[in-house]
Every structure is written in C-alpha cells, then in structure tokens.
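Bear in mind that the values in this text are calculations on the coordinates, not laboratory data. Since the model is a prediction, treat every value here as computed from it, not as a measurement. Note: ideal-geometry Cβ built from the backbone for every residue, glycine included; neighbour counts use all protein chains shown.
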Amino acid sequence: MAIERTLSIIKPDATRRNLTGRIVAKFEEAGLRVVAQKRIRLTKAQAGQFYEVHKERPFYDELCEFMASGPVVVQVLEGEDAISRNREVMGATNPADAAPGTVRAEFAQSVGENSVHGSDAPETAAQEIAFFFSGLEIVG
Ligand code: CMP
C-alpha cells in the first residue's frame, strides 16, 4: 500500500455546529494523520475556483454560496491509501446513502451541507492540496 496525501475540507455546516474535533478524531482513528491544517473563510469566487469542475452543474451556485457562508477547516491528511481511506471515513456524498459510523451518516445535514469534502483521485489530490497549501505548510 502506498503512503498518499489527500485534501480534506471540513465544511461550514460542521464548523458552525462545532464539530471539527469530532470529525478530526474519526480521521485519526482511521489511521490518517493531519500533516497540515488551517481555518479560513473562502470568498464565493474562491469557492467557485475550487469547484470549477462542477460549474455546469445545477447546484454550482448554491454550492459556492454555501462554501463561503462560514469558516472551513482545510487539511492535508496523510496515510496508507489516504485518498480512498478518507472517502470511506466520509461516507457517501448524500448522507441518506452513507454507511453507519461515517462522518456524513453521523453529521451531514443534506447532500449539499454534507460536512466534509475529500479528493477523489491522486491527480485531484495534488491539485487541491496546492490550491490551499504551500510545501512549507505541510509537515509530515
Ligand atoms: P463534495 O465532495 O465537496 O464535492 C462536490 C459537492 O457538491 C458535493 O460534495 C456536495 O456537497 C455538492 N453536491 C452534490 N450534489 C448536490 C446536489 N444535488 N445539490 C447540492 N449540492 C450537491
């Protein structure tokens, strides 16, 4: 198994409800290590840039509005198969489909306000990490 890094975002619905620590605990319990982390407030334009791949989707505007509606905690998680492991811990995008015990099953409020984002592949992980962090900010 390969040691990977993935980009994680704890979204505004979760920071608003003070769930950051409980979500980070789930990552750590799954063997993922937080090697970079910061709490920031995105502008709608920055959220739009991050989610540019979804710009033709009907929910794009709502997604960008939501991601700019409060603080987010952006993180780099490191570990064996970190990308797929993080996706397992997060659960399905729609909390109605998320397996019991996953972050989204326990905390997400809807498909839009679904508490966390995680990269979906090595190339997107590299791009998404570089969107938020410089090399100096990542300490493994
Ligand atoms: P995320 O993993 O951050 O990637 C894109 C996001 O778009 C996704 O999680 C959801 O929060 C959001 N999304 C996906 N489908 C919908 C939908 N039907 N309505 C609103 N938001 C959605």
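Figures for the structure shown
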| quantity | calculated |
| --- | --- |
| Rg in Å to one decimal, and Dmax rounded to a whole Å, for the chain via C-alpha atoms | 13.9, 39 |
| Difference of contour (0.36 nm per residue) and Cα-Cα distance, Lys44 to Leu136 | 30.5 nm |
| Residue-averaged [θ]222 nm for the chain, counting only DSSP H segments that reach four residues, each worth -39500 (n - 2.57) | -10500 deg cm²/dmol |
| The chain, relative contact order [Cα under 8 Å, separation at least 6], % | 37 |
| Simple Cβ-charge dipole of the chain, Lys/Arg +1 and Asp/Glu -1, about Cα centre, in debye nearest 20 | 520 |
| Built amide H within the under 5 Å cut-off of Asp120, gap 5+ | Ala125 |
| Candidates per GluC sites (Glu not before Pro) in the range 102-140, loop by DSSP, up to 13 other Cβ within 10 Å | none |
